[in-house]
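Asker: Below is the structure I would like to discuss, written out as structure tokens.
The numbers here are math on the coordinates, done by the rules we state, and not lab data. Computed from a predicted model, the values in this text were never measured in an experiment. Please note: Cβ atoms are built from the backbone with ideal geometry, for glycine as well, and neighbour counts cover all protein chains shown.
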Amino acid sequence: MLGKWILWALLVIVVLLLFRLQGKARQVPEAKPKRAAPPAAGADAMEAAEPMLVCAYCGVHFPQSEAVYGHVMTTAGPPVFCSTAHWRAATTQDRSSS
Ligand SMILES: [Zn+2]
């Protein structure tokens, strides 16, 4: 008689342990997708995300943060230059031609 009760008690404990393990196993996959972007590729992603512009004087491509904007507005917006040297060269060309 006592052996039967011990077996039932062990069965209940095993079932409870299995339920706990299942609950933990379900929680882990839900927590993982929240950590999305790896921080290692952060710097490269920032550089890649920066829009590239074309110099109106020499036609070279350069990042928007290095852009020098001209004062004369055109239909496409203000002209953009890769450096102040090209901005000056373009503005002096316009003045000499007109
Ligand atoms: Zn240029």
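Asker: For the pair residue 85 and residue 65, how long in nm is the line joining their label points, each one 7 Å along Cα→Cβ?
Answerer: 2.2
Asker: Taking amide H atoms as placed 1.01 Å from N in the peptide plane, list the residues 5 or more away in sequence, or in a different chain, whose amide H sits under 5 Å from that of residue 56.
Answerer: Amide H neighbours of residue 56, under 5 Å, 5+ apart: 80, 81, 82.
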